[in-house]
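K.L.:
Dropping a structure here in structure tokens format, bear with me for questions.
The values are calculated or read from the model by the stated rules, or taken from the named source; none is laboratory data. Everything quoted here is computed from the prediction, not taken from an experiment. Glycine also receives a Cβ, built like all others from the backbone with ideal geometry; neighbour counts cover every protein chain displayed.
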Amino acid sequence: MPNDALTVFVSRLDFAWITTFHIIYPPLTIGLAILLFCAEWRWVATNDEGWYRIVRFFERLFIVNFAAGVATGITMEMAFGILYGPFSQAAGPFFGQVLGYETITAFMYEAGFIGLMIFGWGKISRGMHLFATFNVALSSSLSAMWILDANSWMQTPTGVVLKNGVFQVTDWVAALLNPDVWLGFPHMLIAAVELALCFVIAVSAWFVLTKKHVTLFQRPLKFAVLALVVIAPLQVYLGDGLGLTVADAQPAALAAMEGHYNTYNPDGSVDTSWKVVGWPNAKGDGMAWSISIPHVLSLLETHTWSGKVEGLNSFPPADRPPVVVPFYAFRVMVAAGGALMLFAFWGLWLFLRGRFSVARIAQNRLFLWAAILCGFLPYLGIWCGWWVREVGRQPWVVYGLMRTEQGVSHMDLTSAILWLLGYMYFELIVWGSTWYFFAKVMRRGPDLESPVVHGGHQHLGEFDDRPKGEAPPYVRPI
Amino acid sequence: MDGLSHIQSIVTFAWWIALDLSVLLYIVLDGADLGAGVFSLFVRSEHERAAIMSAMAGTWDANETWLIVAGGVLFGTFPFVYGSAFSYLMVPLALALWGMITRALALEFRHLAEAPWRRFSDICFGVSSLVVAFFGGMAVGALLHGFPLTHTPGVVPTYVGGSFRFISSFSIWTGIAAVIAVTLAGVLFIRARFEHGEPIREQAARWTDLIFYLALAAVAATVVINAIIFPWAAQKWFGPHFWAWGLVLIAVVLVAFKMRAAVRADRDFHAILWFNLAVALMAVAMMVTVYPWIVPGTWTIYTGASPAVSLFTFTLAMGGFFPVMLMYNAYQIWVFRARISALAAYH
């Protein structure tokens, strides 16, 4: 039964919607877990109560985000089989194995330690708790590695042959270490760290701006901004490298990202101009209008003054990805990354001039407002980055080997639309409640009264002889 | 599809055992959480409902993860089954997923919600637990029916039978039976997790007898229906090894009554272990009944397996990761073993 174009499009929207509303949570989990580990380590090492309060406060935000991530993530694993059955069957030997490893080595690993991290306060020793936090950070990063490996293989499918409709793995090493993953994974991992840093910056800046717990929050603000000074340029560097990989492995995707239609100008010279903005014409074989800068395209994609970049018109129409989404999403992502880098340098300058002290930073309202704005930019960047990656790969689901229309399940249009409506409604509720509860935790502020926990002993239930009727000492879970 | 080599057949068989083990662990561990959720629909006190949630707060996520592990093994080792069965089961799985997500949100967000929303959150928690159990059970029943596949040469057979083929009187019955079974698990869980003398524990104790007989009847009915409507089941059960199946039946009944004795003697932890043993016995018996099919009449474990299964990856996963996973899961349950009282609600 062939799939008609509309059903394929709705199925794509179905999957796009659930991935778009999943990817906003795990990066914060990954990045924040790393930052929580650093802060908790400082507490265990120095016994400084400030670090402890910060850890407990950010952990509450972490929990809210984690719950949303699990809820939307379980959907993902089922959705491959439900929405992309034939793709799952064909790609299963590689793709399914990798996702299987993700669940076994990362998802389960994380779930095991997150319970201890959240509810283990006062039940396990400080060292054990720090160890649990470390494992949450490590396992969530491992999870990103597996997922990015699977996705990168869809971009650059090496090490397999397509035989009898199944991708048979001929070379595991080549498939696992495919060309795209070398920068695809670091780009995502650093994005997660950058997002978490900006999240900490924005939350801390809000407290400093509203003059609540200024001394407590000045420290995470300062350290996060200084870390961003390293992370933000690193991300730009990694992104540039990934662009070269795309140019090499997926020239059509790159041409779409850049809105680059013609390899050569009408006079026969190489078209090296980079379009800042533009809009494709109705025929879809060129830009109706655009503002362009000469030589920048060649500089960006080939790192030479006037190197040749293949244009979209060199590919058969059936193999061309859509232009508008990759083109604009790419520009927004780059702008977000650039703005964060500039913000980090601004912070560094303030720090070097000695204006980051508790008293002075609270006066700098402009910087604090910019810091709050920075909390939203990485979300935008991550969304746009994924849209570039996934829409740019079209019309393929496995680049060059399997088309999207061959990969989607044989659903009727009604089911596809009902799924879309159901999950649109649902994931908007998840998103809304996540932000609502973020706001609520922030309004409540850090808990400064409860005593600092110590690794405690607790009653052993069945295994402990205790006279009936005696009330047990109880440690509240949160 | 190319046939599997001899060593691959053995590895596939071993992966199948691992898959069943994950599903069994999920049923045993999360079944109790789901049942406690269903039970919470009948709990009047708001603090007690909150206490049920905090009783599972530290472990529910890890328990649920066994289902994700099962899904991962299915996708990785039996991709042909995963891709076609999940298309077939789109509707019940989407609804069960809705339930899982709602439960997760209710569990994690309840303590942050304003008072008027807490009642709403509690209802969501109870209803979603019910939905997961019912549609999970329904999906299993629908799988036992098998489903039709395409036969296009050069392409992997896949499912094209529409979204509502899964509905049958048998699959509706397995859904109901699953709800009864998890409720029993939930009642036992609540008895074990709350202090002696807590009203909620008394309420659970009152329920145990009724649910126990209901569950026994449900199991008996399911076995009889199976024998009548599925020739593959009748062939095995009444074949040359009928005495072995009879022994299994006696063992299950014996274990069930051992569980009841433990309940009567207030040995709650032992009751849970006996209950889990009964579930495990029945699950293994069902797996042997269905073998070599993974979906009766549709996929055997060998036709459904990925041609890329290898001894190396299996050893890595089973020798390396599974034991570690079991270890930290056990440690986690150990940390959160203490009995609690209704005061332990999230604040």
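K.L.:
Of all residues in region B:99-123 being charged (D, E, K, R) and more than 7 Å from chain A (Cβ to nearest Cβ), which is farthest from the chain's Cα centre (by Cα)?
P.N.:
B:114
K.L.:
Would you be able to tell me the number of residues in region A:427-463 that are modelled with pLDDT under 85 and either more than 9 Å from chain B (Cβ to nearest Cβ) or surrounded by 14 or more Cβ atoms within 10 Å (Cβ to Cβ) (or both)?
P.N.:
Counting residues in region A:427-463 that are modelled with pLDDT under 85 and either more than 9 Å from chain B (Cβ to nearest Cβ) or surrounded by 14 or more Cβ atoms within 10 Å (Cβ to Cβ) (or both) gives 15.
K.L.:
Need pairs with beta-carbon distance below 8 Å; first residue at negative phi and within region A:446-457, second at pLDDT 80 or above and loosely packed, with under 11 Cβ neighbours inside 10 Å; sequence gap 6+ or separate chains.
P.N.:
Sorted first by the residue in region A:446-457, then by its partner, the pairs are A:455/A:127.
K.L.:
Any residue at all in region B:27-38 that's within 14 Å of chain A (Cβ to nearest Cβ) and of a type in the set (Val, Ile, Thr)?
P.N.:
The answer is no, given that none of the residues of region B:27-38 is within 14 Å of chain A (Cβ to nearest Cβ) and of a type in the set (Val, Ile, Thr).
K.L.:
Here's another thing I want to ask about it. Within region B:1-58, how many residues are within 22 Å of residue B:133 (Cα to Cα), modelled with pLDDT of 85 or more and among the polar types (S, T, N, Q)?
P.N.:
The qualifying residues number 2.
K.L.:
Okay, next question. Among the listed residues B:83, B:35, B:99, B:126, which satisfies the condition of being within 25 Å of residue B:297 (Cα to Cα) and in a helix (DSSP H, G or I)?
P.N.:
After applying the criteria, what remains is B:83.
K.L.:
Looking for whichever is surrounded by fewer than 23 Cβ atoms within 10 Å (Cβ to Cβ), more than 12 Å from chain A (Cβ to nearest Cβ) and hydrophobic (A, V, I, L, M, F, W, C) here; the options are B:167, B:190, B:200. Which one fits?
P.N.:
The unique qualifying residue is B:167.
K.L.:
Tally up the residues in region A:60-74 that are small (Gly, Ala, Ser) and at the interface with chain B (Cβ under 7 Å from one of its Cβ atoms), please.
P.N.:
Looking only at that region, the number is 2.
K.L.:
If I ask for residues that are in contact (Cβ under 8 Å) with a residue 24 or more places away in the chain and among the small types (Gly, Ala, Ser), which ones from region B:52-87 would you list?
P.N.:
Once the filter is applied, which keeps residues that are in contact (Cβ under 8 Å) with a residue 24 or more places away in the chain and among the small types (Gly, Ala, Ser), region B:52-87 yields B:54, B:55, B:57, B:58, B:62, B:70, B:76, B:83, B:84, B:85, B:87.
K.L.:
Just to be sure, is residue B:273 at pLDDT 90 or above, in a helix (DSSP H, G or I) and under 27 Å from residue B:230 (Cα atoms)?
P.N.:
no
K.L.:
Which condition does residue B:335 not pass, out of (1) out of contact with any Pro (no Cβ under 9 Å at 6 or more places or on another chain); (2) more than 20 Å from residue B:27 (Cα to Cα); (3) more than 9 Å from chain A (Cβ to nearest Cβ), if it passes all the others?
P.N.:
The one condition residue B:335 does not meet is (3).
K.L.:
Restricting to region A:83-96, count the residues that are more than 7 Å from chain B (Cβ to nearest Cβ) and either over 20 Å from residue A:177 (Cα atoms) or free of Cβ contacts under 8 Å to residues at least 40 places away in the same chain (or both).
P.N.:
Looking only at that region, the number is 3.
K.L.:
Hand me the list of helices (runs of 4 or more DSSP H) wholly inside region A:295-379 holding 3 or more residues that are modelled with pLDDT of 90 or more and surrounded by 14 or more Cβ atoms within 10 Å (Cβ to Cβ).
P.N.:
In region A:295-379, the matching helices (runs of 4 or more DSSP H) lie at A:324-352, A:365-374.
K.L.:
Then there's this: Out of A:72, A:103, A:46, report the one residue that is in contact with a Gly (Cβ under 8 Å, 6 or more places away or on another chain) and either free of Cβ contacts under 8 Å to residues at least 40 places away in the same chain or surrounded by 22 or more Cβ atoms within 10 Å (Cβ to Cβ) (or both).
P.N.:
A:103
K.L.:
Let me ask another. Return the only residue of A:193, A:246 being crowded, with 20+ Cβ neighbours inside 10 Å, in a helix (DSSP H, G or I), β-branched (Val, Ile, Thr) and modelled with pLDDT under 90.
P.N.:
A:246
K.L.:
Something else now. Mind listing whichever residues of region A:97-113 are under 18 Å from residue B:310 (Cα atoms), facing chain B (nearest Cβ under 7 Å) and either in contact with a strand residue (DSSP E or B) (Cβ under 9 Å, 6 or more places away or on another chain) or of a type in the set (A, V, I, L, M) (or both)?
P.N.:
Once the filter is applied, which keeps residues that are under 18 Å from residue B:310 (Cα atoms), facing chain B (nearest Cβ under 7 Å) and either in contact with a strand residue (DSSP E or B) (Cβ under 9 Å, 6 or more places away or on another chain) or of a type in the set (A, V, I, L, M) (or both), region A:97-113 yields A:97, A:99, A:104.
K.L.:
Under 6 Å between Cβ atoms, at least 6 apart or on separate chains: pull out the pairs that start in region A:250-269 with a residue that is surrounded by fewer than 24 Cβ atoms within 10 Å (Cβ to Cβ) and end on any residue that is among the polar types (S, T, N, Q).
P.N.:
A:261/A:313; A:262/A:313; A:263/A:314
K.L.:
Looking at region A:114-128, which of its residues are assigned to a helix (DSSP H, G or I) and either basic (Lys, Arg) or more than 11 Å from chain B (Cβ to nearest Cβ) (or both)?
P.N.:
A:126, A:127
K.L.:
Give region A:180-195 a look and list any residue that's over 14 Å from the mean Cα position of the chain (by Cα), closer than 26 Å to residue A:85 by Cα and not charged (D, E, K, R), or say none.
P.N.:
A:181, the sole residue that qualifies.
K.L.:
Check off (1) facing chain A (nearest Cβ under 9 Å); (2) in contact (Cβ under 8 Å) with a residue 40 or more places away in the chain; (3) more than 16 Å from the chain's Cα centre (by Cα) for residue B:126 and give me the number that stays unchecked.
P.N.:
Condition (1) is where residue B:126 drops out.
K.L.:
Same structure, new question: Which residue, of A:66, A:80, is crowded, with 20+ Cβ neighbours inside 10 Å, under 30 Å from residue A:453 (Cβ atoms), of a type in the set (Phe, Trp, Tyr) and without any contact (Cβ under 8 Å) to a residue 60 or more places away in the chain?
P.N.:
A:66
K.L.:
Being of a type in the set (Gly, Ala, Ser) and either facing another protein chain (nearest Cβ under 8 Å) or outside any helix (DSSP H, G or I) (or both) is the filter here; which residues of region A:415-426 pass it?
P.N.:
Selection gives A:415, A:422.
K.L.:
If residue A:55 meets every condition in (1) within 14 Å of another protein chain (Cβ to nearest Cβ); (2) farther than 29 Å from residue A:393 by Cβ apart from one, which number is that one?
P.N.:
(1)
K.L.:
Would you tally the residues in region B:288-320 being in a helix (DSSP H, G or I) and either crowded, with 17+ Cβ neighbours inside 10 Å or not aliphatic (A, V, I, L, M) (or both)?
P.N.:
Adding up the residues that qualify gives 10.
For (1) modelled with pLDDT of 85 or more; (2) buried (at least 16 other Cβ atoms within 10 Å of the Cβ); (3) under 20 Å from residue A:21 (Cβ atoms), each residue gets a yes or a no:
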site: A:381; (1), (2), (3): yes, yes, yes
site: A:384; (1), (2), (3): yes, yes, yes
site: A:403; (1), (2), (3): yes, yes, no
site: A:406; (1), (2), (3): no, yes, no
site: A:410; (1), (2), (3): no, yes, no
site: A:416; (1), (2), (3): no, yes, yes
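K.L.:
Can you tell me which of B:41, B:21, B:4 is under 17 Å from the mean Cα position of the chain (by Cα) and surrounded by fewer than 24 Cβ atoms within 10 Å (Cβ to Cβ)?
P.N.:
Step by step, each of B:41, B:21, B:4 is checked, and only B:21 is under 17 Å from the mean Cα position of the chain (by Cα) and surrounded by fewer than 24 Cβ atoms within 10 Å (Cβ to Cβ).
K.L.:
Continuing with this model, one more query. Show the residue pairs that are 6+ apart or on different chains and have beta-carbon atoms under 7 Å apart, the first residue being within region A:161-190 and under 29 Å from residue B:155 (Cβ atoms), the second being of a type in the set (Asp, Glu).
P.N.:
Short answer, once both residue conditions are applied: A:176/A:149; A:181/A:149.
K.L.:
Same structure again: Here are the criteria: (1) hydrophobic (A, V, I, L, M, F, W, C); (2) touching an Asp or Glu at 6+ places or on another chain (Cβ under 7 Å); (3) more than 7 Å from chain A (Cβ to nearest Cβ). Tell me which single one residue B:96 does not satisfy.
P.N.:
(2)
K.L.:
Looking at B:53, B:90 in this structure, which one is facing another protein chain (nearest Cβ under 7 Å) and of a type outside the set (Asp, Glu)?
P.N.:
Result: B:90 is the single residue among B:53, B:90 that is facing another protein chain (nearest Cβ under 7 Å) and of a type outside the set (Asp, Glu).
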